[in-house]
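Student: Take this structure first; my questions come after.
Laboratory data are not the source of any read-out in this text; all were calculated from the coordinates shown. Keep in mind the model is a prediction, meaning the values are calculated, not measured. Please note: Cβ atoms are built from the backbone with ideal geometry, for glycine as well, and neighbour counts cover all protein chains shown.
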Amino acid sequence: MFTIRALEKIAIGFRTSIKLIILIIISMILVVGMIVLFYHPTYEVSLNGEVVGYTANKSELQAKINEYISSQEEKNVAFAQVDAMPTYRICLLKNDATMNDDEIYEKVTGNGTKYYKYYAITEEKDEKLYVATFKEAEEIVDSLKEQDSANIDEIGIVEKYDTELKKFTSVEKSISKLYEERPVVTYVAYNYSSPSASNYSTGTSYSKVELGISLINPVSGVITSRFASRDSVRDHEHTGLDIGASEGTSIKAAASGTVTYSGNCGDGYGNYVVISHGNGVQTLYAHCSRLLVSEGQSVSQGTIIAEVGETGNAYGPHLHLEIRKNGISYDPENYVY
Ligand SMILES: [Zn+2]
């Protein structure tokens, strides 16, 4: 009996201590739970092994740093690089620590490097100017292409990543800065003092354009100076053809048209006649001794319009004949003689 009673006593005591242990565990869970609920965990933040401060909001702080690295908010920033990422160590019951999230953020990003992304417009591989977007760069190149800019083959777009942001140029300004007129004009005819007159050719061309009309020889004579040739009496290319003939020889209209100039403006042409044949085609007869037509007069092909002379910048009597289309002088020998 004694042993049974003793065993019973032990069993009761054991049960009591189990209850006690359970009670202790429950209260411990409660205490920890309270701590977790009411005390935010504090993180000690280190940068390159050095403690830089404390944060209660680890995820918020790190998100802000990540945002800096991807740098979406700032214009033309491609991405940013930081020297080192912070490390976090939890310290549960550190209540005296002051939070300094902003300071930590400044420390992390302060040593960072920002990379800007933008576009350079290059000419012969030289960076000429910069724009913010590819769309703008494309717009500039397209416009130059459209305008047939002379340098279009040399123009390129380069994507730039740089720590330094360049000054941008507007699309409009870029186009006007880069545009280069094509040198259609190989030579501007004589440097006469009255350039306002449309009587002067704006350039010469060796090609043979379609004039749309057939021409006859204005005088019969000997060619004394060819188109575009240079000789001792000229310091410029020759914009016409010289046909030597004796003074007073009749000059015929090479084709029908309207006389748009007949006179002498004191320049190298002396007395001369310009006939417009339509479609931008003109013929010019210079160094005449006499002019037999007046401005506005219609002439037929073969009409005698003037006589050979040596007025103006001439070396002996001859006809200086020019054939032009849209202001450009073409070689008369492609059409007459
Ligand atoms: Zn000439």
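Student: Given a 10 angstrom Cα cut-off, can you work out which residue in Glu136, Glu181, Glu146 is the most mobile in a GNM of the chain?
Tutor: Its mean-square fluctuation being the largest, the pick is Glu146.
Student: Ok, one more. Name the lysines eligible as straight-distance cross-link partners of Lys145: C-alpha to C-alpha under 24 Å, and not fewer than 8 places from it in the same chain.
Tutor: Lys125, Lys128, Lys135, Lys160, Lys173, Lys177
Student: Taking the beta-carbon count within 10 Å as an exposure proxy, list Ile213, Ile175, Ile140 from fewest neighbours to most. Provide the component values of the computation, followed by the final result.
Tutor: On the way: Ile213 16, Ile175 20, Ile140 26.
If I rank by nearby Cβ atoms, fewest first, I get Ile213, Ile175, Ile140.
Student: Additional query: Work out which trypsin sites (Lys or Arg not before Pro) in the chain are exposed loop sites (DSSP not H, G, I, E or B, at most 13 other Cβ within 10 Å) and give the longest gap free of them. Mind dumping the intermediate values first?
Tutor: On the way: sites that count: Lys75, Lys94, Lys125, Lys167, Lys208, Arg230.
Counting only loop sites that pass the neighbour cut-off, the longest clear stretch is 231-337.
Student: Another question, if that's okay. Using the count of nearby Cβ atoms within 10 Å as a rough guide to exposure, how do Cys265, Cys91 rank from fewest to most?
Tutor: Working: Cys265 16, Cys91 13.
Lowest to highest Cβ neighbour count: Cys91, Cys265.
Student: Which of the aspartates and glutamates could a cross-linker bridge to Lys114, judged by Cα under 20 Å and excluding same-chain residues fewer than eight apart?
Tutor: Of all the aspartates and glutamates, those that pass the test against Lys114 - Cα under 20 Å, at least 8 places apart if same chain - are Glu67, Glu73, Glu74, Asp83, Asp102, Glu103, Glu106, Glu159, Asp162, Glu164.
Student: So which aspartates and glutamates pass the test for Lys19, namely a Cα distance under 18 Å, with those fewer than 8 places away in the same chain ruled out?
Tutor: List returned: Glu8.
Student: If each DSSP helix of 4+ residues adds -39,500 (n - 2.57) and the sum is divided by the residues in the chain, what number results at 222 nm, nearest 500 deg cm²/dmol? Provide the component values of the computation, followed by the final result.
Tutor: On the way: 5 runs with 81 residues, N = 337.
Helices in the chain give a 222 nm mean residue ellipticity of -8000 deg cm²/dmol.
Student: Nearest 5 is fine: what % of DSSP beta bridges in the chain come out antiparallel, could you say?
Tutor: About 95 percent, rounded to the nearest 5.
Student: Taking θ as phi - 60°, what are the ³J(HN,Hα) couplings along region 52-61 by the Karplus curve (6.51, -1.76, 1.60), each to the nearest whole Hz, with x for Gly and Pro?
Tutor: Coupling constants for region 52-61: 10, x, 10, 9, 9, 10, 4, 5, 5, 5 Hz.
Student: Follow-up question, since we're still on this one. So what J values fall out for region 245-260 if you push phi through Karplus, 6.51 cos²θ - 1.76 cosθ + 1.60 with θ = phi - 60°, rounded to Hz, Gly and Pro as x?
Tutor: Working through the residues one at a time gives 7, 6, 3, x, 4, 5, 10, 9, 5, 5, 7, 6, x, 10, 6, 9 Hz.
Student: Roughly how many debye, to the nearest 20, is the charge dipole of the chain about its Cα centre, given +1 on each Lys and Arg Cβ, -1 on each Asp and Glu Cβ, and no other charges? Show your work: numbers first, answer last.
Tutor: Values: 30 positive and 44 negative charges, 366 e Å.
That gives the chain a dipole magnitude of about 1760 debye.
Student: Each residue of region 103-116 in order: what ³J(HN,Hα) in whole Hz does its phi give by Karplus 6.51 cos²θ - 1.76 cosθ + 1.60, θ = phi - 60°, with x for Gly and Pro?
Tutor: Computed from phi, the couplings for region 103-116 are 5, 4, 4, 4, 5, 5, 7, x, 8, x, 10, 9, 10, 9 Hz.
Student: Neighbouring Cβ atoms within 10 Å as the yardstick, rank Phe134, Phe168, Phe227 fewest first. Please report the intermediate quantities before stating the final value.
Tutor: Details: Phe134 13, Phe168 17, Phe227 22.
Taking fewest neighbouring Cβ atoms as first place, the list is Phe134, Phe168, Phe227.
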